[in-house]
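Colleague: Please read through the structure below; I'll follow up with questions.
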Amino acid sequence: MSVNSAEPAREVDVVLLKAGRTKIRYAATLLSDDGTRVSVRAAWAGEGVRDFGFVRFEPGDVFTEHYWRDRWYSVKEVRDAQGALKGWYCDITRPATLSGDELVVEDLDLDLWRSADGTDVRRLDEDEFAESGLAERDPEAAAAAVAALDELEAFATVEGGLESLLA
């Protein structure tokens with residue numbers, strides 16, 4: 001199903017789980033759902049400014065988020081309030097599920113950042129992932145998560161790579 005301008009915008013709640021608990025829930029506008037990939041747009045849902053040192057997420061930022069039902073990651077294009085691209089923040093997650101008006105994803109701690117100009121590609125939170133115990137509890141999921149991070153990093157280091165996932 002593709003959402004077009006003749007249909008009213010459908011709102012969904014994005015529910016990000018971590019270790020079985022809701023980490024964050026926020027409203028988003030459903031842009032498209034082709035049966036495999038679900039795309040939504042949402043304003044920065046955090047409280048105030050979150051400064052990572054390499055990027056700041058702040059009120060007014062807009063995230064166009066892409067989730068897959070058959071992949072272990074999501075890709076979020078981040079733009080500032082004026083529309084300038086900041087970059088892509090990628091979460092390693094279990095495959096997403098859309099049920100009714102809830103898009104649910106389970107965060108597996110690993111993340112990847114790629115700056116708008118492509119000069120900064122960095123793997124994030126590998127220490128949190130190691131400390132999570134997922135490798136011991138669910139070795140198959142841990143292996144899928146690491147493979148997903150490797151795959152995203154390969155896309156992020158090639159010009160147009162991440163964008164090709166979203167076309």
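The values are calculated or read from the model by the stated rules, or taken from the named source; none is laboratory data. Since we're looking at a predicted model, the values are computed, not measured. For accessibility, only protein heavy atoms count, side chains too; no ligands or nucleic acids. Shrake-Rupley method; radii C 1.70, N 1.55, O 1.52, S 1.80 Å.
Colleague: When only C-alpha pairs under 8 Å and at least 6 residues apart count, what is the relative contact order of the chain, in percent?
Modeller: Over the chain, the number comes to 15 percent.
Colleague: Taking segment 95-167, how much of its Cα-Cα pair set, in percent, is spaced more than 13 angstrom apart? All intermediate terms of the calculation are to be shown ahead of the outcome.
Modeller: Numbers: 1857 of 2628 pairs.
Roughly 71 percent, rounded to a whole number.
Colleague: May I pose another question? Work out, in µm²/s and without decimals, the Stokes-Einstein translational diffusion coefficient of segment 1-91 at 25 °C, 0.890 mPa s, Rh from Kirkwood over C-alpha pairs.
Modeller: It diffuses with D of about 174 µm²/s by this estimate.
Colleague: With a probe of 1.4 Å, find how much accessible area the chain has per residue, and write the answer as a whole number in Å².
Modeller: Result: 51 Å² of accessible area for each residue.
Colleague: Shifting gears a bit: Calculate how large, on average over all directions, the projected area of the Cα convex hull of segment 11-63 is; give the answer in nm² to one decimal.
Modeller: Dividing the Cα hull surface by four gives the mean projection, 4.8 nm².
Colleague: Cα convex hull of segment 19-167: mean projected area in nm², to one decimal?
Modeller: Projected over every direction and averaged, the Cα hull of segment 19-167 covers 8.9 nm².
Colleague: Something else about it: Quick one: pull the percent of accessible area on the chain belonging to carbon and sulfur, 1.4 Å probe, ligands and nucleic acids left out.
Modeller: Accessible surface attributable to carbon and sulfur in the chain totals 49 percent.
Colleague: Could I ask something else about it? Using the Kirkwood formula on the Cα atoms of segment 79-127, what hydrodynamic radius do you get, in angstrom to one decimal?
Modeller: Details: mean 1/r = 0.0791 Å⁻¹.
The answer is 12.6 Å.
Colleague: Another question about this same structure. Could you rank 18, 86, 23 by how accessible they are, 1.4 Å probe, largest area first?
Modeller: Descending accessible area places them as 23, 18, 86.
Colleague: Rg(Cα) of segment 59-103 divided by 2.2 N^0.38 Å? If you can, show how the numbers build up before the last one.
Modeller: Numbers: Rg = 12.2 Å, N = 45, 2.2 N^0.38 = 9.3 Å.
Rg over 2.2 N^0.38 Å, computed on Cα atoms: 1.30.
Colleague: Considering the Cα trace of segment 125-167, what is its radius of gyration and what is Dmax, both in angstroms?
Modeller: 12.9, 37
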